[in-house]
Amino acid sequence: MFDFLSSGRYDLLGAFWVTVQLTFYSAIGSLIWGTLLAGMRVSPVPLLRAFGTAYVNLVRNTPLTIIIVASSLGLYQTLGIALGAGENFDDIGFRLAILGMVVYTGTFVCEALRSGINTVPVGQAEAARAMGLGFTQVLTLIILPQAFRSVVAPLANVLIALTKNTTVAAAIGVAEASLLMKEMLENETQALFAVFGVVAFGFIVLTLPTGLLLGWVAKRVAVKR
Amino acid sequence: MTSVLYDAPGPSAKRRNIIYTVVFLIIFVLAAWWALDTMASKNQLDAEKWSPFVTDSKVWTTFLLPGLGETLKAAALALVIALPLGAALGIGRLSDHAWIRVPVGVVVEFFRSIPVLIMMVFASALFSQFTNMDSEIRPLWSVVTGLVLYNASVIAEIVRAGIQSLPTGQTDAAKAIGMRKGQMMVFVLLPQAVTAMLPALVSQLVVIVKDTALGGALLGFNELLSQVRTITANYGANTIAALTVVALLFIAVNFALTSFAGWLEKRLRRAKKSSGAEVDRNVIEAGGGIV
């Protein structure tokens, strides 16, 4: 039943390694872009706030599949933007997929961070200002430490969703786990359930520990109010 | 407006804000100019690439609207099947009997932690091998199956969180007047839980609508996104224009749903018919339901 694993025709570990790499780079990119967006959305400058709000509302409501397909069909094939990957199609697809994922996931990171800042009671900042702390001190000593501790759980959810969302990269031919599964299902029709089981197990191995670990961290660091 | 982060701006803060505004505008205009320039150099801004969407009603009647119809059909089917299934799973997870609670929990956690695309691809292979389903409707049902498996388990979590968000006094009072467990669930807990979880359910619809696009890109399902291919084939390589219009249609549908969820939330809170309980989105999204 599990012959397809030992036949050597399918590089299952390699495909999951691509999934992990996609997740890793997209997570870092999304964290940076999401933090910038969150900064804009809570800034005192009305124009920055408006841009942040418009961006988040537009991108959140667009399917990730469209964004990824657009980065391949629109950016690369129409406009010829290859993100410095030269002629190597694997590299181009990989980088475009990460770009699409960052554009999309950044909005969820932004919303998580913003809700974290909103959970800090206004009284905390008012008390700090009354004590004579300046803006930077209020931000770094009072607000951010409380905000960060309350966003561990939401950010963990974003990370898990991102891990699962990397499968969408299959739409532009990135050789990650779901594309390999599609190929295996076409060739190994007698081992349908085994193929599904193995790939599903792979994703559970990736997502479950992340959730458990970060859930535990979130509980430990949460501010009890 | 009081914000946690800043006070009402004084004179020097106002000056600083103007500087930030100008700097941002310059960067934004430069980026937009670069984008438009790149598009223009590849002839993507030519009028005939964009005008069909305004002047030629056939683009809408033959491609866009049928595509949108398929998208909405798949989303509606998925919701209608997933809702009762999810409710049953959610209540099952709260059962007092371990032999119901544990297997249901395993099923829910399993389908929540694997990508929805994996389920769609599996369903497609399953249908083509074990059923003689017509190959024209197979993509639709593969997409619906994947969506149902995934969203039923998410809805199960919403239902569970909705019931658990109720004050414990509700359960105690129901027990005190001698209700049995079934009666308590049907007459006391569920009606209140529904109001607590309605906004979360409507938001989940957005996820379902967005996920249908996966079927278009990978399973040959004729939904909205897949129309980009046929439009560019018929109207002269207007990829960017077609993608933009399709994206805007998705955004319009989903924005309407999001606004409805927000309105519903406000209204339910104002109506005071609810117990004031609210479903914690974190509980639902744990395991991550974002695609």
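The values are calculated or read from the model by the stated rules, or taken from the named source; none is laboratory data. Treat the numbers as computed from the prediction; the structure is a model and nothing was measured. Here the Cβ is made from the backbone with ideal geometry for all residues, glycine too, and neighbour counts use every protein chain on show. These area figures cover heavy atoms from the full protein model, side chains too; ligands, DNA and RNA do not enter into them. Shrake-Rupley method; radii C 1.70, N 1.55, O 1.52, S 1.80 Å.
Based on this model, can you work out whether B:Ile100 counts as part of a helix (DSSP H, G or I) and closer than 19 Å to B:Val154 by Cβ? Please lay out each step first, then the result.
Values: part of a helix (DSSP H, G or I): yes; closer than 19 Å to B:Val154 by Cβ: no.
For B:Ile100, the condition - part of a helix (DSSP H, G or I) and closer than 19 Å to B:Val154 by Cβ - is not met.
Can you name the condition, by its number, that B:Val29 falls short on among (1) more than 11 Å from chain A (Cβ to nearest Cβ); (2) more than 30 Å from A:Pro46 (Cα to Cα)?
So the condition that B:Val29 fails would be (2).
Would a scan of the range B:43-62 turn up a residue that is open to solvent by 90 Å² or more (accessible area, probe 1.4 Å) and within 10 Å of chain A (Cβ to nearest Cβ)?
No.
Just give me the residues in the range A:171-221 being over 14 Å from A:Phe2 (Cβ atoms) and aromatic (Phe, Trp, Tyr), in sequence order.
The answer is A:Phe203, A:Trp216.
Mind listing whichever residues of the range A:180-200 are among the hydrophobic types (A, V, I, L, M, F, W, C), under 25 Å from A:Ala161 (Cβ atoms) and at the interface with chain B (Cβ under 9 Å from one of its Cβ atoms)?
Of all residues in the range A:180-200, those among the hydrophobic types (A, V, I, L, M, F, W, C) come to A:180-181, A:184-185, A:191-196, A:198-200.
This time we only want the ones that are under 25 Å from A:Ala161 (Cβ atoms), so: A:180-181, A:184-185, A:195-196, A:198-200.
Passing the criteria: A:Met181, A:Leu185, A:Val195, A:Phe196, A:Val199, A:Ala200.
Would you kindly identify the helices (runs of 4 or more DSSP H) lying entirely within the range A:1-74 that contain at least 1 residues that are closer than 30 Å to B:Ile19 by Cα and open to solvent by 30 Å² or more (accessible area, probe 1.4 Å)? Break it down into steps so the answer makes sense when it comes.
Working: elements: A:3-6, A:12-42, A:46-60, A:64-70.
Once the helices (runs of 4 or more DSSP H) in the range A:1-74 are filtered for at least 1 residues that are closer than 30 Å to B:Ile19 by Cα and open to solvent by 30 Å² or more (accessible area, probe 1.4 Å), what remains is A:12-42, A:46-60.
Quick one: would you say A:Val174 is of a type in the set (Val, Ile, Thr) and either in contact with a Ser or Thr (Cβ under 6 Å, 6 or more places away or on another chain) or open to solvent by 20 Å² or more (accessible area, probe 1.4 Å) (or both)?
Working: of a type in the set (Val, Ile, Thr): yes; either in contact with a Ser or Thr (Cβ under 6 Å, 6 or more places away or on another chain) or open to solvent by 20 Å² or more (accessible area, probe 1.4 Å) (or both): no.
When the stated conditions are applied, A:Val174 does not pass them.
Return the residues of the range B:175-189 that are touching a residue at least 60 places away in the same chain (Cβ under 8 Å) and either among the aliphatic types (A, V, I, L, M) or farther than 25 Å from B:Ile155 by Cβ (or both); say none if nothing qualifies.
So the first thing to find is which residues in the range B:175-189 are touching a residue at least 60 places away in the same chain (Cβ under 8 Å), and the list is B:181, B:185.
The one that is touching a residue at least 60 places away in the same chain (Cβ under 8 Å) and either among the aliphatic types (A, V, I, L, M) or farther than 25 Å from B:Ile155 by Cβ (or both): B:Met185.
Yes or no: B:Arg101 open to solvent by less than 80 Å² (accessible area, probe 1.4 Å) and among the charged types (D, E, K, R)? First the steps, then the outcome.
On the way: open to solvent by less than 80 Å² (accessible area, probe 1.4 Å): no; among the charged types (D, E, K, R): yes.
No: the conditions fail for B:Arg101.
Which of (1) at pLDDT below 85; (2) under 30 Å from B:Val108 (Cβ atoms); (3) more than 10 Å from chain A (Cβ to nearest Cβ) does B:Ala271 not meet, given it meets every other one?
Tallying (1) at pLDDT below 85; (2) under 30 Å from B:Val108 (Cβ atoms); (3) more than 10 Å from chain A (Cβ to nearest Cβ), B:Ala271 fails exactly one: (2).
Yes or no: A:Ile117 at the interface with another protein chain (Cβ under 8 Å from one of its Cβ atoms) and touching a residue at least 12 places away in the same chain (Cβ under 8 Å)?
Details: at the interface with another protein chain (Cβ under 8 Å from one of its Cβ atoms): yes; touching a residue at least 12 places away in the same chain (Cβ under 8 Å): yes.
Here the answer is yes, as A:Ile117 does meet what is asked.
Looking at the range B:64-80, can you tell me whether even one residue there is more than 23 Å from B:Val228 (Cα to Cα) and open to solvent by 70 Å² or more (accessible area, probe 1.4 Å)? Break it down into steps so the answer makes sense when it comes.
Taking the range B:64-80 as the starting set, the residues that turn out to be more than 23 Å from B:Val228 (Cα to Cα) are B:77-80.
Next, only the ones that are open to solvent by 70 Å² or more (accessible area, probe 1.4 Å) stay: B:80.
There is at least one residue in the range B:64-80 that is more than 23 Å from B:Val228 (Cα to Cα) and open to solvent by 70 Å² or more (accessible area, probe 1.4 Å).
Filter the range A:127-158 down to residues that are at the interface with chain B (Cβ under 8 Å from one of its Cβ atoms) and open to solvent by 30 Å² or more (accessible area, probe 1.4 Å), then give me how many there are.
Total meeting the criteria: 4.
Consider B:Ser124 carefully, then state whether it is open to solvent by 10 Å² or more (accessible area, probe 1.4 Å) and hydroxyl-bearing (Ser, Thr, Tyr).
Values: open to solvent by 10 Å² or more (accessible area, probe 1.4 Å): yes; hydroxyl-bearing (Ser, Thr, Tyr): yes.
When the stated conditions are applied, B:Ser124 passes them.
Could you give me the residue pairs with C-beta distances under 7 Å whose first residue belongs to the range B:238-260 and is at positive phi and at the interface with another protein chain (Cβ under 7 Å from one of its Cβ atoms), whose second residue is open to solvent by 20 Å² or more (accessible area, probe 1.4 Å) and of a type outside the set (A, V, I, L, M) wherever it lies, and which are 6+ apart or on separate chains?
That search, which allows pairs on different chains as well, returns nothing.
Given the conditions (1) at pLDDT below 90; (2) under 19 Å from the mean Cα position of the chain (by Cα), report the number of the one that B:Gly220 does not fulfil.
(2)
Only residues that are under 39 Å from the mean Cα position of the chain (by Cα) and open to solvent by less than 70 Å² (accessible area, probe 1.4 Å): list them for the range B:1-24, please.
B:Ser3, B:Val4, B:Leu5, B:Tyr6, B:Pro9, B:Asn17, B:Thr21, B:Phe24
If you take the residues in the range A:83-104 that are among the small types (Gly, Ala, Ser) and either open to solvent by less than 20 Å² (accessible area, probe 1.4 Å) or in contact with a strand residue (DSSP E or B) (Cβ under 6 Å, 6 or more places away or on another chain) (or both), which one is farthest from the other protein chains (Cβ to nearest Cβ)? Break it down stepwise before answering.
Of the residues in the range A:83-104, the ones among the small types (Gly, Ala, Ser) are A:84-86, A:93, A:97, A:100.
Next, from what is left, pick out any that are either open to solvent by less than 20 Å² (accessible area, probe 1.4 Å) or in contact with a strand residue (DSSP E or B) (Cβ under 6 Å, 6 or more places away or on another chain) (or both): A:85, A:93, A:97, A:100.
Working: A:Ala85: 17, A:Gly93: 13, A:Ala97: 12, A:Gly100: 12 Å.
Only one residue tops the list, namely A:Ala85.
Yes or no, residue by residue, for (1) open to solvent by 50 Å² or more (accessible area, probe 1.4 Å); (2) outside any helix (DSSP H, G or I):
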| residue | (1), (2) |
| --- | --- |
| B:Met185 | no, no |
| B:Gln192 | no, no |
| B:Val202 | no, no |
| B:Val209 | no, no |
| B:Glu223 | no, yes |
| B:Thr230 | yes, no |
| B:Thr258 | yes, no |
| B:Ala261 | no, no |
